[in-house]
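Here is the structure we will look at.
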Ligand SMILES: Nc1nc2c(ncn2[C@@H]2O[C@H](COP(=O)(O)OP(=O)(O)OP(=O)(O)O)[C@@H](O)[C@H]2O)c(=O)[nH]1
Ligand SMILES: [Mg+2]
């Protein structure tokens, strides 16, 4: 590995943000920088009424940073916020340093972690979209910056091209991504008759660890932000032999720009179409409600209006004593549909399995059956127990086509007949 890039972190606390909250977000920036392979030499914070419109921090603070950077041989500043093109340019002009904002550091990690073709294309798209908004700045800087943090990855070759070229390239990328989406759509269609679960949550919450636990897989997990960039789906079976598919996916983070979220749209399709979401939360994190809100915010952005979400409070092994009991009680009151687990030790996993099983049984699927009209017992059972959405009789075939909504439990009761007589035509997704 190359020598680590020496960096300073810079943040401004302003408005109604509390010091505690600010410190946590700076700590997160530290983790992001660490994950991106930087060595954080020092941190600079400033309290302002609002950030300076031209230099983000105050002029005096920027001078202080400049001198410190010179004496510590630091030439990259990482900001805890997204900067406007002119802010980046001004800060860089005054300090003589390479300026990286929050989104750029995230994109840098994405570029390093992308494994699949789809993830790589999506990162490239996100980088281009972001470069587009920052074009003026990049132009001014390119002569001075050679690679380095915030400028790695497939997007860098495109930075010099003009807006029109970027738009052209973006269109091509979107097309390529669409093609891959088409392939995964076919795969998803094949799985339509199976109840699907997706793991969502803040980055580092333990989604992949839980995925491994539930599927006996060996998916990459790490104490890193954004260890997972591409989604992965596996089939599992519940105790009652009900088949399910479960998907592990990319983590969410605060202050993620809308454009970035939309670049990962195809990864998130699995989330959009899942019947049940398990929202994995690191219960040991002191400000977990805020992280939960950030996740809910992203879910809203991608328009997942899911009613079926269970909260899975993970990492209970890190908690103990009265403090934990107090927190647990509070969370249980607030989120009655939640489970407390440790994906690491396996504590609470049985309870999670039970909850999933209960969901599968309770969950109403919309299916279309073709029932021979003379199977009268089954017909009256369906009329009595299921909600019939559509019913059509075909005289020629003597088949009654029924589109109906039925719970997993009732479906299990007539499963044998359905299979023996091949009655099932489709499982309709919402
Ligand atoms: N103590 C403890 N650590 C855990 C538990 N679950 C996960 N971890 C650790 O938390 C870190 C993150 O776990 P991952 O499973 O990679 O988290 P993730 O949510 O998939 O993270 P991203 O893919 O980066 O979004 C790893 O170091 C895990 O070993 C748990 O139950 N207890
Ligand atoms: Mg992961």
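The values are calculated or read from the model by the stated rules, or taken from the named source; none is laboratory data. This one's a predicted model, so the numbers in the text were calculated from it and none came from an experiment. Note that we place each Cβ from the backbone using ideal geometry, even for glycine, and neighbour counts take in every protein chain shown.
Looking only at residues in region 265-276 that are modelled with pLDDT of 75 or more and within 14 Å of ligand 1 (Cβ to nearest atom), the one that is farthest from the chain's Cα centre (by Cα) is 271. Scanning region 63-102 for residues that are assigned to a helix (DSSP H, G or I), in contact (Cβ under 8 Å) with a residue 60 or more places away in the chain and surrounded by fewer than 23 Cβ atoms within 10 Å (Cβ to Cβ) returns 68, 69, 72.
Conditions (1) over 30 Å from residue 413 (Cβ atoms); (2) within 15 Å of ligand 1 (Cβ to nearest atom), marked per residue:
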| site | (1), (2) |
| --- | --- |
| 209 | yes, yes |
| 230 | yes, yes |
| 238 | no, no |
| 243 | no, no |
| 248 | yes, yes |
| 254 | yes, yes |
| 290 | yes, no |
| 297 | yes, no |
| 304 | yes, no |
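Note on region 388-400: residues that are within 17 Å of residue 424 (Cβ to Cβ) and part of a strand (DSSP E or B) total 8. Of the residues examined, residue 291 is one that is farther than 27 Å from residue 194 by Cα, crowded, with 20+ Cβ neighbours inside 10 Å and touching a residue at least 40 places away in the same chain (Cβ under 8 Å). Filtering 328, 344 for residues that are at pLDDT 95 or above and not in a helix (DSSP H, G or I) leaves a single hit, 344. Would you be able to say whether some residue in region 210-217 is more than 14 Å from ligand 2 (Cβ to nearest atom), modelled with pLDDT of 80 or more and farther than 30 Å from residue 17 by Cβ? Within region 210-217 (the criterion being more than 14 Å from ligand 2 (Cβ to nearest atom), modelled with pLDDT of 80 or more and farther than 30 Å from residue 17 by Cβ), the answer is yes, since at least one residue qualifies. Restricting to region 11-51, what's the tally of residues that are farther than 29 Å from residue 224 by Cα and either surrounded by 18 or more Cβ atoms within 10 Å (Cβ to Cβ) or touching a residue at least 40 places away in the same chain (Cβ under 8 Å) (or both)? The qualifying residues number 1.
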